[in-house]
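One structure is given here, and the rest of the page talks about it.
The values are calculated or read from the model by the stated rules, or taken from the named source; none is laboratory data. Just so we're clear, the structure is a prediction, and the values are computed from it rather than from any experiment. Here Cβ is always computed from backbone atoms with ideal geometry, including for glycine, and neighbour counts include all displayed protein chains.
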Amino acid sequence: MNVDIWGIPALGSEAGMPEAKQRRARELATRRAVAQDPPLTLAHYAAAAQQTDRFADKAKGIDKLRFGFFGEIGGLLSAVKKVNRDQLGETETEVAGEEIGDALWYLFSVAHSLNVAPERLGLETLRILRERFAESEQDPDGDITFRQLDSLVALHDQGLEAQRIERLGELARTSGELLTIKVDAQLELIAPHPTARLGELLALLAIVSSSFCIRLEDVAHDNLIKIHGRWPGDNRSYINLFDGEYLGHEQIPRVLAIEFIERGDALVGHVVQRLNGVFIGDRLTDNSNEPDDYRFHDVFHLAYIAHLGWSPVIRGLLKYKRKSRPDVDENEDGARAMIIEEGIATWIFNHAKKHSFYEDIVVGKLDYGLLKQVHSMVSGYEVDQCPLWQWELAILEGFRIFRELREHRGGTVHVDMLAHSIRFEPPKNQTP
């Protein structure tokens, strides 16, 4: 079979091929026809990933990174099994792509901690792949890229889909061997350098990716988008307000000061809210057999306004729905969007209640799985444009003010949408 420089079957060479291989050839030929972005180098990916390494300056950080990599490989196996078992809507490819991307981040972070430069890792990976596929050695031309790894695998990827389970097992075994490395000895150059082991793992990630009909370069690109959406470093930039192009009477007021007034006591009581001296909304109780101060939960909606520029609940409460656009009024500002927002607030509250209402959680440390779930709940709505770091700030800041409201049994919450801030003011001679 004739192939081009990318390992893609040449056009017109499908005769005599099995049907499955013909489909594969047509898919790869289609990919070839699409204009390519500049190839992603290993060095660029490593530098970008390093900006989000939360373990770099911590004692035993290398152990956390190695365990993290091993955990992601386990997560890949578990996720693929779950897709097959439960016949979920997500495809194996979608699940595998994200899990492999997370494993890639950990692998490059381990390499950085062990002083393995990206170019050295890339050279070793190419050597391992060529040896595996009985290819002759070649001197690299320029920086090592993920596209080079994908291209080399693509030359020999016939049958990889059928070998997926075997290759996943090989990846799992090799990942386990990474945990046996004596890091101190290697850093002191007493033992062989870990480049070979890391190169073998990167080669296997490229092979496993191909077995799922995805490219490691695409996985790496998606992973960079993901990690910088979660941990942006110093490059935070809020997205534009969703109602910025609407007339004033359809914009949520950019500055709000809402009083939370508790009547009764912590055991038997309720909360009312007041804006500019006018009571708004219904009185709120905990709606629970055990008091937990859920009566103050509207503060979470205010935090969503401050850090997301979004709250169908508050928009409806204050009568700022976007009636000039019937589709937006019905979908973005309608009942279903409000139910989703309330559902998110309640679900997170129940999680936070088991974790001291996030009192000890700092920015960057909120459970990533929780943030992913929240983001999936708003899929298809305007707010799904907000990166995860904005959601984290909205959630943590909301609970910071919630804890103040609990302590003082009320107070005023000030929101500034333009400054993306929310602050608490204790009550002053509050009367029932």
- Candidate set: region 218-242, residues that are over 30 Å from Leu149 (Cβ atoms) and in contact with a Phe, Trp or Tyr (Cβ under 8 Å, 6 or more places away or on another chain); chosen: the one modelled with the lowest pLDDT: Arg236
- Query: Can we say Phe402 is among the aromatic types (Phe, Trp, Tyr), surrounded by fewer than 21 Cβ atoms within 10 Å (Cβ to Cβ), in a helix (DSSP H, G or I) and in contact with a helix residue (DSSP H, G or I) (Cβ under 6 Å, 6 or more places away or on another chain)?
  - Reply: no
- Query: Taking region 200-245 on its own, how many of its residues are over 21 Å from Arg130 (Cβ atoms), assigned to a helix (DSSP H, G or I) and without any contact (Cβ under 8 Å) to a residue 40 or more places away in the chain?
  - Reply: 1
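Rundown of residues vs (1) surrounded by fewer than 18 Cβ atoms within 10 Å (Cβ to Cβ); (2) basic (Lys, Arg); (3) modelled with pLDDT of 95 or more; (4) under 24 Å from the mean Cα position of the chain (by Cα), yes/no style:
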| residue | (1), (2), (3), (4) |
| --- | --- |
| Arg315 | no, yes, yes, no |
| Leu318 | yes, no, yes, no |
| Pro326 | yes, no, yes, no |
| His355 | yes, no, yes, yes |
- Message: What's the number of the only condition in (1) among the basic types (Lys, Arg); (2) touching a residue at least 12 places away in the same chain (Cβ under 8 Å); (3) closer than 17 Å to Val383 by Cα that Lys353 fails to meet?
- Response: (3)
- Query: Residues of region 159-193 being over 12 Å from Arg66 (Cα atoms), of a type outside the set (A, V, I, L, M), at pLDDT below 85 and part of a loop (DSSP other than H, G, I, E, B), which ones?
  - Reply: Gly159, Glu161, Glu188, Pro192, His193
- When every residue in region 405-432 that is basic (Lys, Arg) and part of a loop (DSSP other than H, G, I, E, B) is compared, the one nearest to Lys354 (Cα to Cα) is Arg409
- Message: Tell me yes or no: at least one residue of region 375-392 is in contact (Cβ under 8 Å) with a residue 12 or more places away in the chain and farther than 19 Å from Tyr238 by Cα.
- Response: yes
- Task: Go through (1) out of contact with any strand residue (DSSP E or B) (no Cβ under 7 Å at 6 or more places or on another chain); (2) at pLDDT 90 or above one by one and return the number of the condition Pro39 breaks.
- Result: (1)
- Message: Here is a check on your reading of the model: is Leu366 crowded, with 18+ Cβ neighbours inside 10 Å, at pLDDT below 95, in contact with a helix residue (DSSP H, G or I) (Cβ under 6 Å, 6 or more places away or on another chain) and not basic (Lys, Arg)?
- Response: yes
- Query: Counting only residues that are of a type outside the set (D, E, K, R) and over 26 Å from Ile227 (Cα atoms), how many does region 344-375 have?
  - Reply: 3
- Just one of Ile258, Ile280 is crowded, with 17+ Cβ neighbours inside 10 Å and within 15 Å of Val313 (Cα to Cα); which is it? Ile258
- Query: When you look at Arg406, is it in contact (Cβ under 8 Å) with a residue 40 or more places away in the chain and of a type in the set (D, E, K, R), yes or no?
  - Reply: yes
